[in-house]
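For reference, the structure is listed below as structure tokens.
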Amino acid sequence: MKKILSVFLIAFSAVMMAKAEVEFSYEVGAEAVSSYLWRGQYLGGLSFQPNATFGFEGEHTGLQIGAWGSVGASDWMFSSLKNEDHTYFVPEVDVVGSFSFYGITLGFTHYYYCDGGNYFGWKKASEWESEDWSSATTEVQFGFDCSEFLPENHNLYANWYTMVAGNDFKYNELGGIEKQNYSSYLEVGYDYTFEDLGLTLGGNIGMVPWESDYYGVENFAVTNLSLRLDKEWEMDLCTLSIFAQGMINPYQLAGDKESVFVKDFGDNKIGCQSLNGTIGFGIWF
């Protein structure tokens with residue numbers, strides 16, 4: 001974590017030294033969603049997800065750091081965490097940061113889950129021991145956003161994410177940790193804004209390039225096809241939004257899962273990710 005923060009301090013200095021004038025920026029808000037969906041996976045039901053970012057922005061540059069969290073209706077079932085018949089969701093807290101320059105973004109996210117693990121995630125795979133167990137992971141991001149070069153209501157983007165530390169391993173035949181897996185995810189998306197209506201329609205395709213237990217794939221796989229519709233209202237003190245998103249996981253769908261729409265209550269839905277959807281409400285200051 002110290003190395004990543006050092007990189008961002010250097011990036012901050014670069015922003016401050018750039019010719020373009022920069023200004024302090026912030027965004028604080030929260031969303032309530034009917035389902036927590038992420039990269040083709042169902043990660044929880046009804047959830048409250050606060051977010052706060054702070055930084056500096058210029059005409060073509062930006063530096064941000066912040067935190068994001070998720071607390072769901074089933075996140076408090078700690079007494080059942082060791083029940084092998086169920087997978088219970090727990091509160092999540094992510095530390096995020098990004099540096100952008102003319103549409104190119106370098107970023108990181110540290111995912112931390114309040115699940116009883118006693119280690120924050122920074123060790124080599126060969127150094128992990130049983131008492132170090134934690135589900136925390138850290139990833140880095142390289143992305144490109146074309147919005148600066150397209151008409152105002154169009155946005156085309158691509159992002160590559162790779163896990164570099166934490167609970168993301170390859171295992172040997174005996175189930176022991178062999179080495180860091182460096183699970184990766186590539187997404188390409190396009191958004192179009194209907195300015196007169198205040199609506200944004202976005203599509204996204206996501207894929208995992210190689211075998212990953214983290215994403216539950218055995219080889220290259222397209223794991224996410226999603227479509228999202230957002231409606232925003234600009235108020236004097238805040239911005240309000242409502243949205244709906246539909247998601248298909250082609251890899252899971254091709255795997256002939258038991259059910260496309262899962263009838264099980266709550267947490268048992270985690271392994272059945274073929275088709276999912278969510279609706280939500282957000283407020284931002």
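The values are calculated or read from the model by the stated rules, or taken from the named source; none is laboratory data. Please read all numbers here as calculations on a predicted model, not as lab measurements. Note that each Cβ is placed from the backbone with ideal geometry, even for glycine, and that neighbours are counted across all protein chains shown.
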Cβ pairs under 8 Å, 6+ apart or interchain, first in the stretch 25-50 and free of Cβ contacts under 8 Å to residues at least 40 places away in the same chain and over 20 Å from Ala67 (Cβ atoms), second crowded, with 19+ Cβ neighbours inside 10 Å and among the charged types (D, E, K, R), ordered by first then second residue, are none
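Would you check which residues across the stretch 1-37 are modelled with pLDDT of 85 or more and loosely packed, with under 15 Cβ neighbours inside 10 Å and list them?
Initial filter on the stretch 1-37 (modelled with pLDDT of 85 or more): 23-37.
The answer is Glu23, Phe24, Ser25, Tyr26, Glu27, Val28, Ala32.
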The residue that is modelled with the highest pLDDT, considering only those in the stretch 254-282 that are surrounded by 15 or more Cβ atoms within 10 Å (Cβ to Cβ) and of a type in the set (A, V, I, L, M, F, W, C), is Leu275
Counting only strands (runs of 3 or more DSSP E) wholly inside the stretch 186-248, the ones holding at least 1 residues that are at pLDDT 95 or above and of a type in the set (Asp, Glu) are 221-234
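Here is a yes/no grid of residues against (1) touching a Lys or Arg at 6+ places or on another chain (Cβ under 6 Å); (2) under 30 Å from Gly282 (Cα atoms); (3) free of Cβ contacts under 8 Å to residues at least 24 places away in the same chain; (4) of a type in the set (S, T, N, Q):
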| position | (1), (2), (3), (4) |
| --- | --- |
| Gly176 | no, no, yes, no |
| Asn181 | yes, no, no, yes |
| Tyr192 | no, yes, no, no |
| Gly202 | yes, yes, no, no |
| Tyr215 | no, yes, no, no |
| Asn219 | no, no, yes, yes |
| Leu225 | no, yes, no, no |
| Lys231 | no, yes, no, no |
Reported set for the stretch 210-228 where residues are over 17 Å from the mean Cα position of the chain (by Cα) and over 16 Å from Tyr42 (Cα atoms) is Trp210, Glu211, Glu218, Asn219, Phe220, Ala221
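State whether one or more residues within the stretch 163-175 are within 24 Å of Leu253 (Cβ to Cβ) and of a type in the set (Gly, Ala, Ser). Let's see the steps before the verdict.
Start the filter on the stretch 163-175 by keeping residues that are within 24 Å of Leu253 (Cβ to Cβ), which leaves none.
No.
Please find, within the stretch 162-185, the residue that is farthest from Ile242 (Cα to Cα) out of those that are among the acidic types (Asp, Glu) and in a loop (DSSP other than H, G, I, E, B). First the steps, then the outcome.
So the first thing to find is which residues in the stretch 162-185 are among the acidic types (Asp, Glu), and the list is 168, 173, 178.
Adding the requirement that they be in a loop (DSSP other than H, G, I, E, B) leaves 168, 173.
Details: Asp168: 34, Glu173: 47 Å.
Per the stated criteria, the residue is Glu173.
State all residues of the stretch 118-146 that are modelled with pLDDT of 70 or more, farther than 27 Å from Asp191 by Cβ and of a type outside the set (S, T, N, Q); if no residue qualifies, say none. Steps first, please.
The first filter runs over the stretch 118-146 and keeps only residues modelled with pLDDT of 70 or more, leaving 134-146.
Okay, now just the ones that are also farther than 27 Å from Asp191 by Cβ, so 134-138.
Hit for the stretch 118-146 is Ala136, nothing else.
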